[in-house]
Amino acid sequence: NLHNGMIILGIRVPRTHGEIIGYEAISTSDVVDLKRVSGHSHEDFFRPISYYGSENGGRLVLEKDRFYILCIKERVAVPKEFSAEMIPFSHNIGELRAHYAGFFDPGFGIDEHGGLRGSNGVLEVRPHETVTIYDGQPICLMQFFRNRCVPEKPYGTTALGSHYQGQTGPWLAKYFAKPEETSSIE
């Protein structure tokens, strides 16, 4: 779907039992060492939010002034001739900001051979009032910008170690071990 020439992106709130919907930041004084890629346990900074089968399937209540990591429902791909940015969709969906990270590098969601795999984009969300969101609800727009030149090493190039390439569902930043890797962190 398009709105003023931009792609409308919806929020992903899955209904599969036990599936992670996203993460809620927990209050902590711990510091993230940016030199330690995959060096921090997500449990020290985030609480996973999962669906466990109730009448509330497909919706999620976001509490005022909390910080969430969620993702869009659509799988997107950004051709290497372009960059993209998430921008606000509408203030009518509630008083929240859903695009702190919001920038997509050329090649996001495209494999090294040019195949369109698509990846779910991550949303960093902070509501300024308690708001309920629903699966597929429009949450932001994706605006594309033509690059002046094509990068020699677009996002997803093996040499770059592109953390979010091929993601399905919400992923935390590269400084956090994936949940299945947490037991190996000292």
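The values are calculated or read from the model by the stated rules, or taken from the named source; none is laboratory data. As the structure is a computational prediction, the values presented were derived from the model and not from experiment. Cβ placement follows ideal geometry from the backbone for every residue including glycine, while neighbour counts extend to all protein chains displayed. Surface areas here come from the heavy atoms of the whole protein model, side chains and all, with no ligands, DNA or RNA. Shrake-Rupley method; radii C 1.70, N 1.55, O 1.52, S 1.80 Å.
Table: residues versus (1) at pLDDT 75 or above; (2) of a type in the set (Gly, Ala, Ser).
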site: Ile72; (1), (2): yes, no
site: Arg75; (1), (2): yes, no
site: Glu81; (1), (2): yes, no
site: Ile87; (1), (2): yes, no
site: Glu95; (1), (2): no, no
site: Ala101; (1), (2): no, yes
site: Phe104; (1), (2): yes, no
site: Arg117; (1), (2): yes, no
site: Val122; (1), (2): yes, no
Legend entry - Selection from segment 121-144 of residues that are part of a strand (DSSP E or B) and either open to solvent by less than 10 Å² (accessible area, probe 1.4 Å) or within 9 Å of Ile11 (Cβ to Cβ) (or both): Gly121, Leu123, Val125, Pro127, Ile133, Tyr134, Pro138, Ile139, Cys140, Leu141, Met142
Legend entry - Candidate set from segment 1-54 (those that are touching a strand residue (DSSP E or B) at 6+ places or on another chain (Cβ under 8 Å) and among the hydroxyl-bearing types (Ser, Thr, Tyr)); member that is modelled with the highest pLDDT: Tyr23
Inset, instruction - Select from segment 61-91 the residues that are in a loop (DSSP other than H, G, I, E, B) and in contact with a Pro (Cβ under 8 Å, 6 or more places away or on another chain) and list them in ascending order. - result: Glu63, Lys64, Asp65, Arg66, Val78, Pro79, Lys80, Glu81, Phe89, Ser90
Inset, instruction - Six or more apart or on different chains, Cβ under 9 Å: which pairs go from a residue in segment 11-35 that's under 19 Å from Thr132 (Cα atoms) and open to solvent by less than 70 Å² (accessible area, probe 1.4 Å) to one that's of a type in the set (Lys, Arg) and in a loop (DSSP other than H, G, I, E, B)? Could you list them? - result: Ile21/Arg12; Gly22/Arg12; Glu24/Arg66; Ala25/Arg66
